[in-house]
1. Over the Cα atoms of region 33-82, what Rg and Dmax result, in angstrom?
2. Taking the Cα atoms of region 66-120 alone, what are Rg (to one decimal) and Dmax (as a whole number) in Å?
Ligand code: SF4
């Protein structure tokens, strides 16, 4: 709940203030890290590595200091600082902890290896693997890039 509140507060701040975050550890210590591993993917495991904390969360830690360019790239996509919601009034119920809930679904990976090793039953991991195996993630990325370059 604390992370949700911090996110709500951050979303009300001007972007220039949010960008004053100077390291991944601030995101982790602030309870904003989603444990997605994007920082490790961008910087490389020799610079940032995901590890399990004492309380069982998977969080990044710096093995080497990040150069500014790489840090800026991570900040462009890190969900700990970039998550935004739709503007305007919500037309669905607002849960006090989870926020607006338009619909709720239960699911898990049918592959037991994925289901028991990935987070939350592996549904998103399985979907991601499907997109990568079928090459559809490339199509999605290209479509998104084309949309961005049209604006
Ligand atoms: S990119 Fe952000 S949310 Fe994802 S693991 Fe790194 S610090 Fe956490």
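Just so it is clear, none of the values below were taken in a lab; they were calculated from the coordinates. All values reported here derive from a predicted model rather than from experimental measurement.
1. Gyration radius and largest Cα-Cα distance of region 33-82: 10.4, 31 Å.
2. Looking at region 66-120, its Cα Rg and Dmax stand at 17.1, 43 Å.
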